[in-house]
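Here's the structure, in structure tokens; my notes come after.
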Amino acid sequence: MTGCDSNIQSDLEVGRPSSTQIGRRQFVRIAGAAVFSLSVIKQAQTAEQPSKAKENQMEITRNGSQASVAGPADWFTGNTRIDPLFNPHEPARAAAASVTFEPGARTAWHTHPLGQTLIVTSGVGRVQVEGGPIEEIRPGDVVWFPPGVKHWHGAAPTTAMTHIAIQEALEGKVVEWMEHVTDEQYGT
């Protein structure tokens, strides 16, 4: 027991007012003990705040704060622009980019170790998995490619298309690039 607690206990033992009828002296002791306890708790919480604050900080990536890059010719046919949106923060593995394809532009064939999600935001596009039909995509459409499925995506022949691409890394790898999609495969 602290000094304050033992004084309260001794007051009770010698017949002073019970806990339902405490005197001014006991009230001051109890209030003092409560204030002291609260100040100790507050100091402990304040000491822990820097690490908790760092863990609990949100991050805002401002629009336009990351440089746009042209889609590399090794991985794209036609004019494309990639605007990074976010990279993974441990323990998360997801990253995303907004990708704009000019008319007729498209990716090379590729796969993703943990799959890929596309959210079409503007224009008209095309997607295809190996061996499947070419599908048209429009704003609001969401496309999911399962892990390891060979596919491509891009704009329609006469209309640009922008989508948000979301994919996760597996052992640091998000994509395996393959051969270019031919004009015949693209359907022109």
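The conditions of being surrounded by 12 or more Cβ atoms within 10 Å (Cβ to Cβ), assigned to a strand (DSSP E or B) and within 27 Å of the chain's Cα centre (by Cα) are not met by Val149. Taking the criterion of being assigned to a loop (DSSP other than H, G, I, E, B) and under 25 Å from Ala156 (Cα atoms), the residues of the range 78-93 that qualify are Gly78, Asn79. Within the range 151-179, the set of residues being touching a residue at least 60 places away in the same chain (Cβ under 8 Å) and either of a type in the set (Ser, Thr, Tyr) or more than 14 Å from Ala95 (Cβ to Cβ) (or both) comprises Gly154, Ala155, Ala160, Met161, Thr162, His163, Glu176, Trp177, Met178, Glu179.
Tell me which of these Ala96 doesn't satisfy, since it passes every other one: (1) part of a strand (DSSP E or B); (2) over 28 Å from Asn56 (Cα atoms); (3) not hydroxyl-bearing (Ser, Thr, Tyr). Failed condition: (2).
Entry remark, the range 164-179: residues being over 18 Å from the mean Cα position of the chain (by Cα) and under 19 Å from Leu85 (Cα atoms) number 1 in total. Taking Arg126 as meeting all but one of (1) part of a strand (DSSP E or B); (2) more than 27 Å from Arg62 (Cα to Cα); (3) free of Cβ contacts under 8 Å to residues at least 60 places away in the same chain, write down the number of the exception. So the condition that Arg126 fails would be (3). Restricting attention to the range 152-184, the residues that are exposed (fewer than 14 other Cβ atoms within 10 Å of the Cβ) and in a strand (DSSP E or B) add up to 3. Of the residues examined, Glu55 is not one that is modelled with pLDDT of 95 or more and loosely packed, with under 15 Cβ neighbours inside 10 Å. Candidates in the range 68-91 are the residues that are among the small types (Gly, Ala, Ser) and touching a residue at least 12 places away in the same chain (Cβ under 8 Å); of these, the one that is surrounded by the fewest Cβ atoms within 10 Å (Cβ to Cβ) is Ala70. If you go through the range 83-123 and pick out every residue that is small (Gly, Ala, Ser) and over 14 Å from the mean Cα position of the chain (by Cα), you end up with 7. A single member of Gly131, Gly125 is at pLDDT 95 or above and crowded, with 17+ Cβ neighbours inside 10 Å, and it is Gly125. Counting only residues that are surrounded by fewer than 19 Cβ atoms within 10 Å (Cβ to Cβ), in a strand (DSSP E or B) and not hydroxyl-bearing (Ser, Thr, Tyr), the range 111-122 holds 1 of them.
The values are calculated or read from the model by the stated rules, or taken from the named source; none is laboratory data. Keep in mind it's a predicted model, so treat the numbers as computed, not measured. As a convention, Cβ positions derive from the backbone with ideal geometry for all residues, glycine included, and neighbour counts pool all protein chains shown.
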